[in-house]
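Take a look at the structure below.
The values are calculated or read from the model by the stated rules, or taken from the named source; none is laboratory data. Bear in mind the structure is a predicted one, so any value in this text is a computation, not a measurement. When we count neighbours, we look across all protein chains shown, and the Cβ atoms used for this are built from the backbone with ideal geometry, even at glycine. Each accessible area value is taken on the protein alone, full model and side chains, heavy atoms only, with ligands, DNA and RNA left out. Shrake-Rupley method; radii C 1.70, N 1.55, O 1.52, S 1.80 Å.
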Amino acid sequence: MRITKTFFLLSFSCLLCVNVGTAPCWAQENAAPHLEERGATKQLMVDGKPFVMLSGELHNSSSSNLDYMKPIWPRLAAMGLNTVVTPLSWELIEPAEGKFDFTLVDGLLDQARQAHERIVFLWLASWKNGMSSYAPVWVKDDSRRFTRVVEHGNEVEILSPLCAATRQADARAFAALMRHIKEVDGSRHTVLMMQVENEVGVLGDSRDRSEAANKAFAGQVPAELSAYLGAHREELYPDLRELWEANGAKTVGTWTDVFGEGERADEIFMAWQYASYIQAVAQSGKAEYDIPMYVNTWLPGENTPPGQYPSGGSQPRVVDVWKAAGTALDFYSPDLYAANFEEWCKRYRREGNPLYMPETRGGAAGAANVFYALGEDAGIGFSPFGIESEASESDPLGESYKAIAAVTPMLLDHQAAGDVHGFLLDRDQRSVDFTMNGYTLHVSLDSIFGSMTESGFGMIMADGKDKFLGVGKGFRVSFSPYPESGPHVGIGAIDEGKFEDGNWVVGRRLNGDEDDQGQAWRFDSRAVHTEKVSLYSFE
Ligand code: DGJ
């Protein structure tokens with residue numbers, strides 16, 4: 001009986017796929033994880049469905065040992081994570097040149113599957129935080145073959161991105177890894193994406209001053225970069241466009257002809273070198289197994305000179321240079337620890353770049369920020385760093401993740417429809433207004449009987465005519481008609497509830513103090529709540 005029913009459902013849904021002109025269901029379900037435009041945004045597709053990564057990144061060394069990792073997976077799962085950003089280093093998979101060992105990869109996959117977790121592997125290879133500590137010793141000890149960056153006349157322990165031998169060795173190892181992942185995971189899709197290298201760029205100087213680098217810097221700006229600037233002039237990040245135009249918007253010339261004298265030209269030059277190298281590494285991996293690949297970025301302070309942060313990393317003002325160097329990287333990510341979280345989200349979610357931060361703050365800050373990233377900027381995931389240090393069921397991030405997990409199918413549909421908003425409130429920003437679903441929503445810090453909460457966060461999505469679904473805490477919402485000339489708006493009913501297997505299970509009817517006597521849709525600050533409201537109009 002069960003078989004017949006399942007068969008019927010499968011056949012029916014497959015017919016639907018064919019009728020709406022998409023790839024057949026079985027093809028979609030078997031497709032490797034990939035990014036896809038869905039309505040207003042780009043989403044990560046896994047097993048034929050959009051997926052949001054409620055993730056966290058492990059400390060750098062945890063996943064180097066399976067015994068160490070064993071108890072960590074179930075703790076992360078209990079905290080509500082569905083994905084773990086898991087470091088994997090070149091030194092451990094190719095300890096001797098050409099001799100690959102994938103025991104660790106297989107063990108991590110096995111452990112992740114047992115805990116029902118997905119993985120984003122982080123390829124720690126030529127660079128990590130600007131330095132080259134994760135390259136195998138056979139690379140580190142051969143600085144003639146694998147040349148170094150020169151700063152102030154000295155070789156430093158940073159592999160030069162201008163060295164073809166290093167690029168080929170890194171690319172060969174990465175290709176071997178991707179071939180192996182395809183072999184053992186191509187039909188399971190435990191591995192969702194790959195981060196290629198970590199926070200790259202020259203630290204200690206604004207550019208590499210090795211002989212090869214000096215020669216390239218004195219040479220012409222590559223034609224591919226000039227062509228890209230010309231073809232994408234309108235969409236360039238404003239900072240880069242301004243600099244380029246201030247120097248005459250030239251398409252031919254040396255780096256200083258085109259970008260002027262000084263550190264900005266050095267940074268753009270380094271961005272081109274790192275980007276060309278890493279696009280090539282990613283490309284050789286993709287030729288083996290094509291899943292989404294990205295790089296992360298050490299973000300600078302607003303007036304910090306390049307070299308005090310890794311010069312050439314894919315920060316917004318040089319991200320166009322990275323894009324000009326190739327298309328193997330699917331998107332660019334911030335490591336977002338900065339206090340102006342919302343601003344950095346906007347700087348990365350532009351020109352089709354989906355928002356994902358492999359590193360950010362967890363705890364109470366992360367518990368709030370995840371609502372903004374996924375709700376307001378259609379994030380494809382969120383990932384606090386050092387996640388195993390805070391993994392406990394009572395962690396505030398876990399509370400947020402579980403609440404978001406329960407509404408994920410709706411969230412993903414509303415991201416695509418463009419009618420979901422996320423927000424962060426505190427004493428400096430006490431309210432925000434949104435217009436959606438025929439109403440203006442005035443969202444403010446919650447207060448009742450003269451006492452106001454310190455902070456609030458959440459997301460609200462349209463839930464049919466005159467209805468909304470909200471998740472979060474510490475805020476209240478009042479409604480007015482949009483356009484403004486409409487009738488008065490009243491709160492018909494508020495229900496708290498939860499989603500179980502996608503079905504709404506209604507809880508208390510909230511009224512009285514809980515909706516300030518019918519004046520506001522309230523989410524008090526004691527816990528993350530999931531509530532539905534319906535509205536009515538009167539003249
Ligand atoms: C950023 C790096 O990308 C991480 O690997 C780690 O070193 C953290 N900083 C530490 O805060």
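Using a simple charge model, +1 on the beta-carbon of Lys and Arg, -1 on the beta-carbon of Asp and Glu, nothing else, what dipole does the stretch 300-395 show about its Cα centre, in debye to the nearest 20?
Dipole about the Cα centre, nearest 20: 440 debye.
The Cα center of the stretch 412-479 and the Cα center of the stretch 30-59 differ in position by 25 Å. Each Lys and Arg Cβ is given +1 and each Asp and Glu Cβ -1; about its Cα centre, the stretch 410-483 then shows a dipole of about 140 debye. Compared with the alpha-carbon gap, the fully stretched path from Ala78 to Ala417 is longer by 118.9 nm at 0.36 nm per residue. Overall, the anisotropy analysis places the stretch 413-539 in the rounded class: the square-rooted eigenvalues a ≥ b ≥ c of its C-alpha gyration tensor yield a/c less than 1.5. Helix 2-19 axis versus longest C-alpha principal axis of the chain: approximately 70°, rounded to the nearest ten. Each pair of Cα atoms in the stretch 282-389 enters the Kirkwood radius, and Stokes-Einstein at 20 °C and 1.002 mPa s then converts it into a translational diffusion coefficient of 146 µm²/s.
The angle separating the long axis of helix 103-114 from the principal Cα axis of greatest extent in the chain is about 0 degrees. Take each peptide in 186-193, 30-37, count the other Cβ atoms within 10 Å of every residue, and average; sorted highest first, the result is 186-193, 30-37.
Using alpha carbons only, the radius of gyration of the chain set against its Kirkwood radius gives Rg/Rh = 1.00. Split the accessible area of the chain by element, probe 1.4 Å, and carbon with sulfur accounts for 51%. Treating cross-link reach as a plain straight distance, find the aspartates and glutamates whose alpha-carbon is under 15 Å from the alpha-carbon of Lys140, omitting any fewer than eight places away in the same chain. Here the aspartates and glutamates satisfying the reach criterion relative to Lys140 are Glu91, Glu94, Glu97, Glu155, Glu157, Asp170.
Between the C-alpha center of the stretch 162-197 and that of the stretch 296-323 there is a gap of 25 Å. For Asp142 and Ala246, the difference between the fully extended length at 0.36 nm per residue and the C-alpha to C-alpha distance is 33.2 nm.
Give me the base-10 log of I(q)/I(0) for the stretch 310-445 at each q in 0.11, 0.22 Å⁻¹, Debye formula, one uniform scatterer per Cα, rounded to two decimals. Log10 I(q)/I(0), no solvent term: -0.45, -1.44. You can think of it this way: the chain between Asp110 and Glu29 has 27.0 nm of extra reach, that is 0.36 nm per residue less the Cα-Cα gap. Ordering of 491-498, 280-287 by packing is 280-287, 491-498, highest average first (other Cβ atoms within 10 Å, averaged per residue).
With every protein chain left in place, what is the accessible area per residue of the chain in square angstrom, probe 1.4 Å?
Working: 22550 Å² over 539 residues.
Accessible surface, normalised per residue, equals 42 Å².
The shape of the stretch 243-311 comes out oblate: with a ≥ b ≥ c from the C-alpha gyration tensor, a/c is at least 1.5 while a/b does not beat b/c.
Average the reciprocal distances over every distinct pair of alpha-carbons in the stretch 187-328, invert the result, and give the Kirkwood radius in Å.
Hydrodynamic radius (Kirkwood, Cα pairs) of the stretch 187-328 is 15.7 Å.
Listed by chain and number, the lysines placed with their C-alpha closer than 24 angstrom to that of Lys323 are Lys42, Lys128, Lys215, Lys250, Lys286, Lys346; residues fewer than eight positions away on the same chain are left out.
State whether the stretch 444-500 is rounded, prolate or oblate according to the following rule on the C-alpha gyration tensor (a ≥ b ≥ c being the square roots of its eigenvalues): a/c under 1.5 gives rounded; otherwise a/b larger than b/c gives prolate, and the remaining case gives oblate. In terms of gyration-tensor shape, oblate. Note on the chain: with charges restricted to the Cβ of Lys and Arg (+1) and Asp and Glu (-1), its dipole about the Cα centre is near 1000 debye.
Assuming a strict under-17 Å limit between Cα atoms, what lysine pair count do you get for the stretch 381-511 once near-sequence pairs (fewer than 8 apart, same chain) are dropped?
Taking the Cα cut-off of 17 Å, the pair count is 4.
Please give me the summed charge of the neighbours of Val139: other residues whose Cβ is under 10 Å from its Cβ, Lys and Arg +1, Asp and Glu -1.
Once all neighbours under 10 Å are counted, the net charge is -4.
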